[in-house]
Amino acid sequence: MAQQRNMRPESMVIHGGEAPADPHGALVAPLYQTSTFVFPNAETGGQRFAGDADGYIYSRLGNPTVNLLEQRIAALEGMQAGAATATGMGAVAAATMAFLRAGDHVIASDCIYGCSFALFSHLFERFGVQVSFVDMADEAALAAAFQANTRVVFVETPANPHLRIIDLAMVGALCQQQPDVRLIVDNTFMTPLLQQPGNFGADIVVHSATKYLNGHGDVVAGLITGTREDIQLIKMTTLKDMGATISPHDAWLITRGLKTLAIRMEKHCATAAIVADFLKAQPAVEKVYYPGFKDHPGHHLIGTQMRNAGAIIAFELRSGYQAGVAFLNGLEMIKIAVSLGDAESLIQHPASMTHSPLTPEAREKAGISDGLIRLSVGLEHVDDIIHDLSQSFAKAQQI
Ligand SMILES: *Cc1c(COP(=O)(O)O)cnc(C)c1O
């Protein structure tokens, strides 16, 4: 693996990690679609269970196809080890809960993925874990939130739907002053190609692999990376015993999808920059949220923390929900759907879709207006994306 450490990310997405040996020399690592593994004899079975012999036991505990994906994401994040999960939420839950027990305290960014928020605010409370949601743009507020029993700090950056950016170096430095605190970062919007939270003090990085990492809209999955010790703990406790294990087939598809991650991210980002400029120039658009704009809070972290602004854009229509509905319904190529990071451009209305579980007051506080639209810029030709947006703006204006 020493050689791989020098590989560029563009090559690592294709070659990172050690593929299982194949007697036929298959170019593509085979798919081990199997629930269990046959022991050569009873003694070996016992030794594998005792941890005294290498070798697979049962696919909930480990599988060669899954293992290759885990090694590849670890290499890409610059972390020691990886674990693959059935969904992104499986990754968030397994990674956080491995370090928590009743009586512990969690600090989470007040701007995180809806189901992460639900897990922390509803489920954790039931098990006696206390959570403080903090505006992490405010260093003093974060510093003041630490308690003697704080064990996990959870951050997502950039975050839905306004692409809020958190300074990871600042958060990392504060966490390092605390004994026994794990900084866990959700890196879904960036991927390791654009941001490696481990460089800024993150102990654990989680992903919804459903999004850019797989990139083809045909899998739900998650990934976790961290130190060998932490990943081993997660695999042997929250992952093994709660069972959000990935299917080997899904792992195989993600390993395939990953091969084009570098060129996909480059294209997604280049197209998004043009689309953001186009949206900004539309009379029907009140405001565009895109980290590539100089007036976006957090823009200064592009070039240091982030290699690019990414390809998610949010924008505010001047005339509220009805105009938003008409605009979405008028689109011909761009699909109305949640999720992001696929080849297809996807558009959604946070107030009625991803953020509908929030009360109207909570939405207002979070700045999610009825006119807010989120666009995941896909891989179609930029002219076709702009043409579709343009014709739908024209139609919506006639209503
Ligand atoms: C989608 C998403 C998740 C959850 O992932 P699933 O694969 O849907 O379970 C978590 N965090 C972020 C930032 C996401 O976009």
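The values are calculated or read from the model by the stated rules, or taken from the named source; none is laboratory data. From a predicted model like this one, the values you see are computed outputs, not experimental measurements. All Cβ positions, even for glycine, are placed from backbone atoms using ideal geometry, and neighbour counts span all protein chains on display. Surface areas here come from the heavy atoms of the whole protein model, side chains and all, with no ligands, DNA or RNA. Shrake-Rupley method; radii C 1.70, N 1.55, O 1.52, S 1.80 Å.
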Among the residues of segment 328-336, are any without any contact (Cβ under 8 Å) to a residue 40 or more places away in the chain, aliphatic (A, V, I, L, M) and either in contact with a Gly (Cβ under 8 Å, 6 or more places away or on another chain) or closer than 30 Å to LEU168 by Cβ (or both)? no
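Can you say whether VAL206 is surrounded by fewer than 20 Cβ atoms within 10 Å (Cβ to Cβ), within 13 Å of the ligand (Cβ to nearest atom) and touching a residue at least 60 places away in the same chain (Cβ under 8 Å), as far as the supplied structure shows? Before you say what the answer is, go through the steps one by one.
Numbers: surrounded by fewer than 20 Cβ atoms within 10 Å (Cβ to Cβ): no; within 13 Å of the ligand (Cβ to nearest atom): yes; touching a residue at least 60 places away in the same chain (Cβ under 8 Å): yes.
No, not satisfied.
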All positions within segment 11-31 that are open to solvent by less than 70 Å² (accessible area, probe 1.4 Å) and assigned to a loop (DSSP other than H, G, I, E, B): GLY16, GLY17, ALA19, PRO20, ASP22, GLY25, ALA26, VAL28, ALA29, PRO30, LEU31
List every residue pair whose Cβ atoms sit under 6 Å apart, with the two residues 6 or more apart in sequence or on different chains, where the first one lies in segment 23-38 and is under 17 Å from ASP54 (Cβ atoms) and the second, anywhere, is aromatic (Phe, Trp, Tyr). THR36/TYR58; PHE37/TYR56
Kindly indicate the residue of segment 52-90 that is charged (D, E, K, R) and not in a helix (DSSP H, G or I) and also farthest from the ligand (Cβ to nearest atom) among those meeting that condition. ASP52
Within segment 261-282, of all residues that are free of Cβ contacts under 8 Å to residues at least 12 places away in the same chain and more than 22 Å from the chain's Cα centre (by Cα), the one surrounded by the fewest Cβ atoms within 10 Å (Cβ to Cβ) is ALA281
With respect to ILE254, determine if the residue is buried (at least 17 other Cβ atoms within 10 Å of the Cβ), under 18 Å from the mean Cα position of the chain (by Cα), assigned to a strand (DSSP E or B) and within 16 Å of the ligand (Cβ to nearest atom). no
It is to be established whether one or more residues within segment 218-228 are out of contact with any helix residue (DSSP H, G or I) (no Cβ under 8 Å at 6 or more places or on another chain), surrounded by fewer than 24 Cβ atoms within 10 Å (Cβ to Cβ), assigned by TED's automatic domain parsing to the domain that holds LEU68 and more than 23 Å from TYR32 (Cα to Cα). yes
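Among the residues of segment 298-324, what is the count of those that are surrounded by 16 or more Cβ atoms within 10 Å (Cβ to Cβ) and out of contact with any strand residue (DSSP E or B) (no Cβ under 8 Å at 6 or more places or on another chain)?
At the first step, the residues of segment 298-324 found to be surrounded by 16 or more Cβ atoms within 10 Å (Cβ to Cβ) are 298-299, 301-302, 305-317, 319, 323-324.
Cutting the leftovers down to out of contact with any strand residue (DSSP E or B) (no Cβ under 8 Å at 6 or more places or on another chain) gives us 299, 301-302, 305-307, 310, 319.
Result for segment 298-324: 8.
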Note down all Cβ pairs under 6 Å where the first residue falls in segment 231-250 and is farther than 21 Å from THR34 by Cβ, the second is in a loop (DSSP other than H, G, I, E, B) and open to solvent by less than 50 Å² (accessible area, probe 1.4 Å), and they're at least six residues apart or on different chains. LEU233/ALA98; ILE234/ALA98; THR237/ALA98; THR238/ALA98
Please name all residue pairs, on different chains or six or more residues apart, with Cβ atoms under 8 Å, provided the first residue is in segment 85-101 and is among the charged types (D, E, K, R) and the second residue is near the ligand (Cβ under 7 Å from one of its atoms). none
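Within segment 58-87, which residues are open to solvent by 30 Å² or more (accessible area, probe 1.4 Å), over 18 Å from the mean Cα position of the chain (by Cα) and hydrophobic (A, V, I, L, M, F, W, C)? It would help to see each step written out before you state the result.
Taking segment 58-87 first, the residues open to solvent by 30 Å² or more (accessible area, probe 1.4 Å) are 58, 60-61, 67, 71, 78-80, 86-87.
Keeping just the survivors that are over 18 Å from the mean Cα position of the chain (by Cα) gives 58, 60-61, 67, 80.
LEU61 - this is the single residue of segment 58-87 that is open to solvent by 30 Å² or more (accessible area, probe 1.4 Å), over 18 Å from the mean Cα position of the chain (by Cα) and hydrophobic (A, V, I, L, M, F, W, C).
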Determine, yes or no, whether LYS287 is exposed (fewer than 15 other Cβ atoms within 10 Å of the Cβ), not small (Gly, Ala, Ser) and not assigned by TED's automatic domain parsing to the domain that holds GLU139. no
